[in-house]
1. Quick check on the range 88-107: of everything there that is among the acidic types (D, E) and assigned to a loop (DSSP other than H, G, I, E, B), which residue is farthest from R182 (Cα to Cα)?
2. If you scan the range 157-183, which residues turn out to be under 18 Å from V248 (Cα atoms) and either among the β-branched types (V, I, T) or in contact with a helix residue (DSSP H, G or I) (Cβ under 8 Å, 6 or more places away or on another chain) (or both)?
3. Is there a residue in the range 439-462 that is among the β-branched types (V, I, T), touching a Pro at 6+ places or on another chain (Cβ under 7 Å), crowded, with 17+ Cβ neighbours inside 10 Å and at pLDDT 85 or above?
4. Restricted to the range 161-199, and to residues that are among the β-branched types (V, I, T) and farther than 13 Å from M257 by Cβ, which residue is surrounded by the most Cβ atoms within 10 Å (Cβ to Cβ)?
5. Tell me which residues, restricted to the range 178-198, are part of a loop (DSSP other than H, G, I, E, B), under 20 Å from D109 (Cβ atoms) and over 29 Å from the mean Cα position of the chain (by Cα).
6. In the set A40, A30, A60, which member is of a type outside the set (D, E), at pLDDT 85 or above and surrounded by 15 or more Cβ atoms within 10 Å (Cβ to Cβ)?
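The values are calculated or read from the model by the stated rules, or taken from the named source; none is laboratory data. Since the model is a prediction, treat every value here as computed from it, not as a measurement. For neighbour counting, all protein chains shown are included, and Cβ atoms are generated from backbone atoms with ideal geometry for every residue, glycine included.
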Amino acid sequence: MESQTDQPETDLTGDNYLLDRTAVAAILAAVDAGNRDGLATLMQPLHSADIADLLEQISAPDRAELIRLYGPAFDGEILTELDENLREKVIATLSPQVLADAVRDLDSDDVVDLIEDLEEPQQEAILDVLEDADRVAVEQALTYPEHSAGRLMQREVAMAPAHWNVGEIIDFIRESTVLPERFYHVTLVDPRLHPTGNVTLGRIMSSHRGIALADITEDVFQVIPVTQDEEDVAYAFNQYHLISAPVVDGEGRLVGMITIDDAMAVLDEEHEEDILRMAGVGEESSLSDTVMATSRRRLPWLGVNMVSAICASLVISQFEDTIARFISLAILMPLVASMGGNAGTQSLAVAVRALATKDLTSANAWRVIRRELSVGLLNGLVFACVLGMVGLFWFGSPLLGAVVGAAVIINMVIAGFAGTVVPVVLVKLRIDPALASGTFVTTTTDVMGFFIFLGLASMVLT
């Protein structure tokens with residue numbers, strides 16, 4: 001996502017680039033003093049991403065006062081860098097004129113990304129400041145499905161007829177006033193606006209004027225349907241090492257362009273969402289959230305974990321007599337469940353990541369499952385020997401050591417199986433594996449770990 005506003009050079013040698021503790025303190029001091037000129041001087045070296053970080057770190061009153069003082073210099077790129085949960089609050093703080101000046105310089109894809117999650121009044125406030133052509137482009141982009149290529153693309157495209165030569169496109173680029181601020185390819189199109197190839201600017205500048213553009217197109221050329229899911233778009237960019245790709249409508253006509261920065265932003269968002277979901281804190285969690293909002297997001301999954309803990313407790317309760325006779329079982333059984341839980345989490349992390357990158361498919365699922373079973377068995381044997389020795393020397397019982405070792409082996413094999421199979425099954429059921437797998441896997445390893453360990457102890461020790 002690029003803004004047309006030039007950004008200052010950023011010194012990468014500080015603790016947090018130029019936004020270290022001293023800089024933040026100086027900025028807040030200028031805000032407290034109402035020193036507009038001093039604030040502008042301190043903010044001038046900062047990149048828009050650093051300013052967004054600053055707005056996310058400070059308190060709401062300081063943020064509002066900073067925006068009021070800094071308003072005339074406020075860059076629209078700052079809004080695109082802000083956390084979504086904070087973006088609405090910042091937009092509401094900006095004056096209509098500052099908001100208009102900030103948004104006008106953004107590319108169409110940045111404007112779409114900016115307003116698609118806003119409430120309707122704020123959407124209208126931004127749309128009203130756009131020029132008619134830009135407003136039509138943004139409104140049309142908003143008609144495409146959410147998280148689709150149509151929402152991700154920019155409408156500004158560098159294109160040329162497929163029969164042009166290098167000299168013609170160079171002259172066109174020099175004279176045109178409608179090209180994107182930054183672009184990497186010129187897309188060739190036929191008379192019906194169907195894209196036929198991409199030519200890099202490097203190939204254009206290094207070729208003689210008389211060479212046909214069609215003769216220097218890139219070998220790898222991917223066309224993105226406008227309704228394609230943005231995750232699949234990001235995968236294509238990563239898989240085929242694309243820099244930019246044309247987007248086409250249902251009739252194959254060129255309607256926009258997606259560039260690598262937008263695709264990589266999608267990958268970053270997906271990775272962040274997966275991490276938050278696996279932790280059960282919600283995909284939109286942010287440090288700027290209120291206490292109540294954070295609590296509401298976390299409560300459901302804490303409740304699910306409570307239910308799984310109750311299930312494990314019910315299993316333990318079935319062996320009260322055995323535990324009462326052999327107190328050592330109460331000391332050792334958390335080790336069995338913990339080892340299985342950690343092994344399951346390792347297999348789960350690998351499986352969820354492989355599913356996201358499409359490395360784990362139905363074609364190789366059983367091979368991956370067999371590998372995880374083998375890993376679980378091998379690691380189980382190693383730790384069974386260790387814990388078996390613990391049971392022998394700590395409690396002086398060879399049978400207890402054997403029970404602990406056998407339980408660890410079985411539970412780690414189950415963990416490897418569950419950690420791989422559960423996310424695969426959830427994908428088949430169209431459920432996000434990052435969101436639900438962790439609970440199923442940990443419940444399985446806890447319940448089975450206690451059941452196997454206590455069950456074996458009941459059979460062997462009594």
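1. The selected residue is D105.
2. V157, A158, A160, A162, F183, listed by residue number.
3. no
4. V199
5. Here is the first cut: in the range 178-198, the residues part of a loop (DSSP other than H, G, I, E, B) are 178-184, 190-194.
Then drop every residue that is not under 20 Å from D109 (Cβ atoms), which leaves 178-184, 193.
V178, L179, L193, listed by residue number.
6. After ruling out the rest, the residue left standing is A30.
Yes/no per residue for (1) within 29 Å of the chain's Cα centre (by Cα); (2) within 28 Å of R104 (Cβ to Cβ):
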position: T22; (1), (2): no, no
position: G38; (1), (2): no, yes
position: S48; (1), (2): yes, yes
position: I51; (1), (2): yes, yes
position: E56; (1), (2): yes, yes
position: S59; (1), (2): yes, no
position: L66; (1), (2): no, yes
position: P72; (1), (2): no, yes
position: G76; (1), (2): yes, yes
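Residue by residue, here is whether (1) among the basic types (K, R); (2) closer than 16 Å to T443 by Cα; (3) at pLDDT below 90; (4) in contact with a strand residue (DSSP E or B) (Cβ under 6 Å, 6 or more places away or on another chain) holds:
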| site | (1), (2), (3), (4) |
| --- | --- |
| D274 | no, no, yes, no |
| S285 | no, no, yes, no |
| D289 | no, no, yes, no |
| S313 | no, yes, yes, no |
| F326 | no, no, yes, no |
| L355 | no, no, yes, no |
| R367 | yes, no, no, no |
